[in-house]
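The block underneath contains the structure these notes are about, expressed in structure tokens.
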Amino acid sequence: MKIRIKTNSIRYRLTKSDIANLEKHGHLQDSVDFGLQKLVYEIQTVNDNVLSATYSNHTISLFMPESMINELANTDKVGFENADNKLHLLVEKDFTCLDNVTEDQSDNYPNPLADEYND
């Protein structure tokens, strides 16, 4: 699971195993250790219809409806978004990059633009 934060926007990018684990366990969590403090970011399954988020005790919590998780896991749906007050939320599948990168992308989804890029 990756996050990108910019101004009033948070984007979560999920690999195949992230979505499978979220579907099975209803929760994903990761963190960044700054030494004296740790930033935690997580996704929790909720029985709701929209994405929402909170920030408390150094933890960014994204609340994602179970129906959205099921749709990501079982269809070609790429992602979901919502404006929660002033905060823009986006959750999407993590596709392989079209250019050369050094990170392991073996668990990413195939990029739908790969064929166009290689032509």
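The values are calculated or read from the model by the stated rules, or taken from the named source; none is laboratory data. All values derive from a computational prediction rather than experimental measurement. Note: ideal-geometry Cβ built from the backbone for every residue, glycine included; neighbour counts use all protein chains shown.
For (1) modelled with pLDDT of 90 or more; (2) of a type outside the set (Gly, Ala, Ser), each residue gets a yes or a no:
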position: 23; (1), (2): yes, yes
position: 32; (1), (2): yes, yes
position: 53; (1), (2): yes, no
position: 59; (1), (2): yes, yes
position: 65; (1), (2): yes, yes
position: 114; (1), (2): no, no
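Among the residues in the stretch 8-17, are any of a type outside the set (A, V, I, L, M, F, W, C), part of a helix (DSSP H, G or I), closer than 16 Å to residue 79 by Cβ and at pLDDT below 95?
Yes, the stretch 8-17 contains at least one residue that is of a type outside the set (A, V, I, L, M, F, W, C), part of a helix (DSSP H, G or I), closer than 16 Å to residue 79 by Cβ and at pLDDT below 95.
Just wondering, is there one or more residues in the stretch 72-83 that are of a type in the set (S, T, N, Q) and in contact with a Leu (Cβ under 6 Å, 6 or more places away or on another chain)? Spell out the reasoning first.
Of the residues in the stretch 72-83, the ones of a type in the set (S, T, N, Q) are 74-75, 82.
Retained after the next criterion (residues that are in contact with a Leu (Cβ under 6 Å, 6 or more places away or on another chain)): 82.
Yes: one or more hits.
For the stretch 6-37, enumerate the residues that are under 19 Å from residue 88 (Cα atoms) and either free of Cβ contacts under 8 Å to residues at least 40 places away in the same chain or under 11 Å from the mean Cα position of the chain (by Cα) (or both).
Listed by number, the residues that qualify are 6, 7, 10, 11, 12, 13, 14.
Against the definition (more than 12 Å from the chain's Cα centre (by Cα) and assigned to a strand (DSSP E or B)), how does residue 40 come out, yes or no? Please lay out each step first, then the result.
Values: more than 12 Å from the chain's Cα centre (by Cα): yes; assigned to a strand (DSSP E or B): yes.
Criteria met by residue 40.
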